[in-house]
1. Here is a list of conditions, (1) at pLDDT 80 or above; (2) in contact with a strand residue (DSSP E or B) (Cβ under 7 Å, 6 or more places away or on another chain); (3) of a type outside the set (Gly, Ala, Ser), and Leu109 meets all of them except one; can you say which number that is?
2. Thr7: more than 22 Å from Thr111 (Cβ to Cβ), modelled with pLDDT of 70 or more and among the polar types (S, T, N, Q), yes or no?
3. Tally up the residues in the stretch 54-85 that are modelled with pLDDT of 85 or more and part of a helix (DSSP H, G or I), please.
Amino acid sequence: MRWSKNTKVSRSLPVSESVPREGHELLTDMQGSEFSLARCSSTGRMNEPPGARWRVPLTALTIAEYFRDQKHQNVLLLMDNVFRFVQAESELSSLLGRLPSRVGYQPTLATEVASLQERIASVAGAAVTAIPAVYVHGRRTSPIRR
């Protein structure tokens, strides 16, 4: 779906540990424009069990699909952070006794992320559009000063 100032966004679904500052600023800017916007969110704190954190983006997608399929509304899905989903699944995999891959992630990584991404789609005049944030574990974005 192509987004423009005339696109009606009916729902915004932040998915995160908390509603991030950047997401809040984006929603505030959109409310002041020609976008029609209502918001609901799905959050999971890092101190929750991995099963609960793993379900957060899946729950948000189920909510988004409801508004897209049943209410025929466009949905903007702000996903912060996809790595937390992968990390929670990795913890679950360890608890289930699955051997990790050579790089240390769960053997079902590709399947799990693909199934999450495949649900973000347009159907019959309504769309779920996602803006995912991806945290790269162990990478520094600024040089180290000594």
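The values are calculated or read from the model by the stated rules, or taken from the named source; none is laboratory data. These numbers were taken from a predicted model, which means no experiment stands behind them. Positions of Cβ are generated from backbone atoms using ideal geometry, with glycine treated the same way; all protein chains shown enter the neighbour counts. Note: areas computed on protein heavy atoms with side chains; ligands, DNA, RNA excluded. Shrake-Rupley method; radii C 1.70, N 1.55, O 1.52, S 1.80 Å.
1. Failing condition for Leu109: (2).
2. no
3. 16
Yes/no per residue for (1) over 26 Å from Asp69 (Cβ atoms); (2) open to solvent by 40 Å² or more (accessible area, probe 1.4 Å); (3) not aliphatic (A, V, I, L, M):
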residue: Val82; (1), (2), (3): no, no, no
residue: Gln87; (1), (2), (3): yes, yes, yes
residue: Ser90; (1), (2), (3): yes, no, yes
residue: Ser93; (1), (2), (3): yes, no, yes
residue: Leu99; (1), (2), (3): yes, yes, no
residue: Leu109; (1), (2), (3): yes, yes, no
residue: Arg119; (1), (2), (3): no, yes, yes
